[in-house]
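Below is one structure, written out as structure tokens; the observations come after it.
The values are calculated or read from the model by the stated rules, or taken from the named source; none is laboratory data. Not measured: the values here are computed from a predicted model. Every residue, glycine as well, gets a Cβ built from its backbone with ideal geometry; the counts of neighbours run over all protein chains shown. To get the accessible areas, we keep the full protein, side chains included, count just its heavy atoms, and leave off ligands, DNA and RNA. Shrake-Rupley method; radii C 1.70, N 1.55, O 1.52, S 1.80 Å.
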Amino acid sequence: MKNHSEENEFHLSEVPSEPLEWNFSQVFGERAAGEDVQEVDIISAIEFDKTGEHLATGDRGGRVVLFERTDTKDHGYRRDLERMDCSMSRQPEFRYKTEFQSHEPEFDYLKSLEIEEKINKIRWCQTANSALFLLSTNDKTIKFWKVQEKKVKKICDMNVDPSKNVGNCSVAGTSNSTSQKQYLANGGCPERYYDHLNKEFSFPREGIPSLHLPTVASHETGLAASCRRIYAHAHDYHINSISTNSDGETFISADDLRINLWNLDISNQSFNIVDVKPTNMEDLTEVITSAEFHPTHCNMLAYSSSKGSIRLIDLRQSALCDTHTKLFEEQEAPGSKSFFTEIIASISDIKFGRDGRHILSRDYMTLKLWDINMDSGPVATFQVHEHLRPKLCDLYENDSIFDKFECCLSGDGMRIATGSYSNLFRIFCCTTGNTEATTLEASKNPMRRQVQTPSRPSRSLGSLARVARRGADSGSADANGNTFDFTTKLLHLAWHPTENSIACAAANSLYMYNA
């Protein structure tokens, strides 16, 4: 019987992986040269749904924009061909679907606190009857949205002759009439004649002066977004994460000190399942930075902390999960501690692999891949910002050291990606012995500033340290000798669930790439 390290080594090394060639696919909201970006237009959240047919973005202005895939709409047979491993060369294409205002700026009068409308996270929920459902949150309030097609009905005519109108009964839109039927004023109709409705009442041929009947017609079908539920007043601190459960009924929301469990159908009650708030706040040593449900086990979830640790908890153990099932953290090397050690160790994002076996974490300097069956340390570490280590003092002074970069995994779990400065993002291969590490720029020419890291031998996963360090850069300049621009940062990106396609946000622009 194999031990965990042998199983993991087999899992990562037996799958062949060819280098990918990434190409620009699409851009939405491209900025013209010299054009100023409005703060409210900057994208703050990106999320594919589980099918990969829809993509949602949120911005600092509280809006949610939906995109839908078009290259599979008219070719339903393509999925069958894919299952048969038929090779088809295609480029994923998305188009704008709709947008809606999710959150508005608010003011908490009890705490004298302004609440921004900025969308922190978006998570898709299960679809039903062709309607789309998703959760969006700002710092304090989570909303459950339903987006569906509706037939828009409009008044296209009135049975009133505008020339005979009296009083305030004006008629609007009669010039847009699509009806061919002729009406007399005030309810009269030459085609139909009612002699008597009953014995007591007769309907005059010229109509009744006080009766105004509109003619309603169905026009084109439109998309309508409706807020079904609002989950509020459950967090004292800013919400940093929401995650939907595989049971399709519950979700979690996390702030700095607590994680709450919600039922999608109940908006006025939540259960506190994790609470790290000490009795005396002076004893506070770490905060929660990210939380996510396991993709298949509805009783398991993981959350990360500002000390660089990840805790796996099982909801079956107790109502309040004070104790964790497993703790994942990397031990500090002796004598390596400095003023910045804890700051750069803080994990800004975690993501489960699709199989639920691995967890990807992002701290300021690195990406780390963890096996949930091995709590002795990460199975692989990928250097992202090692070239910035000499500049940590400057990064601390301009607050860049506190930037929260997201991370993502490919659907097959063989590659990972994260963002960096100068609108660059890094893609690494996870297979053992593969040193593929590609740097791309969020622009129409992603290879313009590509940095291909030279291959180097990496340690086996079966070694004592079980760590493979790959893709480290030297210096603080790109391949062209340009210094990195810390004001243009690529914080948000998402990987398509089934294909090698990445969506990433550069300020107000959404770029898409495929391989």
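Side notes on the structure shown:
- Any hit, region 309-317, residues being more than 23 Å from Glu47 (Cα to Cα), part of a loop (DSSP other than H, G, I, E, B) and modelled with pLDDT of 95 or more: yes
- Any hit, region 326-337, residues being part of a loop (DSSP other than H, G, I, E, B) and among the hydrophobic types (A, V, I, L, M, F, W, C): yes
- Residue that is farthest from Lys146 (Cα to Cα) [pool: residues in region 42-66 that are open to solvent by 50 Å² or more (accessible area, probe 1.4 Å) and touching a strand residue (DSSP E or B) at 6+ places or on another chain (Cβ under 6 Å)]: Arg60
- With respect to (1) surrounded by 14 or more Cβ atoms within 10 Å (Cβ to Cβ); (2) at pLDDT 95 or above, the lone exception for Ile266 is condition (1).
- Residues that are crowded, with 20+ Cβ neighbours inside 10 Å, without any contact (Cβ under 8 Å) to a residue 60 or more places away in the chain and among the hydroxyl-bearing types (Ser, Thr, Tyr) do not occur anywhere in region 315-331.
- Flag for Gly353 being touching a residue at least 40 places away in the same chain (Cβ under 8 Å) and touching a helix residue (DSSP H, G or I) at 6+ places or on another chain (Cβ under 7 Å): no
- Applying the criterion of at least 3 residues that are farther than 23 Å from Ser246 by Cα to the strands (runs of 3 or more DSSP E) found wholly in region 99-150 leaves 106-108, 113-115.
- In the condition set (1) modelled with pLDDT under 95; (2) among the hydrophobic types (A, V, I, L, M, F, W, C); (3) open to solvent by 40 Å² or more (accessible area, probe 1.4 Å), Cys227 is compliant with all but (1).
- The lone exception for Glu220 - which of (1) farther than 20 Å from Arg123 by Cα; (2) outside any strand (DSSP E or B) it fails: (2)
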